[in-house]
Amino acid sequence: MKPRPKRIVIVDDSDAACAMFRDILIERYGAGVAVETYVTPLNALSKIDGSIDLLVVDLEMPHMDGKKFLEFAIERGVSRSRVIVTSGRDADDLHSIFPPGACLAVMNKTEPKQREAFTMILDSIMRR
């Protein structure tokens, strides 16, 4: 029996960021992933549950910041070890906001080296 595609949910108020992450995922894993993108965090709320294999959420969004969204997702059954928080902020700043164990990883979505780390994390998740 063929394994189900990994369910990846991206919540970012930037269409460009959603497209970047979606393109990376589809190009790298093809039919192995089912990618959902939401540019409005409020639209994503009803879709969040424990079946998510990876949640990528932006820290700075209108109506609900990424930290509140992360806590909501955890209440809905998403494991902290399945959440990556992204931002345009410096990675050190993100680590001060999200201490170890608060989520799987934090990353600056504009730095190429951070995106390399993102793909390494993705490869690990895809092997699970």
Exercise. Just one of (i) 12, 36, 24, 15, 11, 3, 0; (ii) 12, 45, 34, 7, 1; (iii) 13, 50, 34, 3, 0 is P(r) over Cα pairs in 10 Å bins from 0, in percent calculated from these coordinates, so which is it?
Worked result: (iii)
Exercise. How big is the Kirkwood radius of the range 84-128, worked out from every pair of different alpha carbons and given in Å to one decimal?
Worked result: 10.8 Å
Problem set entry | lysines with Cα under 27 Å of Lys67, excluding same-chain neighbours fewer than 8 positions away | Lys6, Lys47, Lys109, Lys113
Seminar exercise, completed: In Å³ per residue, the alpha-carbon convex hull of the range 52-120 encloses 84 Å³
For this session: Find the centroid of the Cα atoms in the range 34-75 and in the range 99-128, then give the distance between the two in whole Å.
Result: 16 Å
Exercise. Given 0.36 nm per residue, what is the gain on full extension from Asp92 to Thr119 after removing their alpha carbon distance, in nm?
Worked result: 7.8 nm
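Bear in mind that the values in this text are calculations on the coordinates, not laboratory data. Note that the structure is a prediction, hence the values are computed from the model and not measured.
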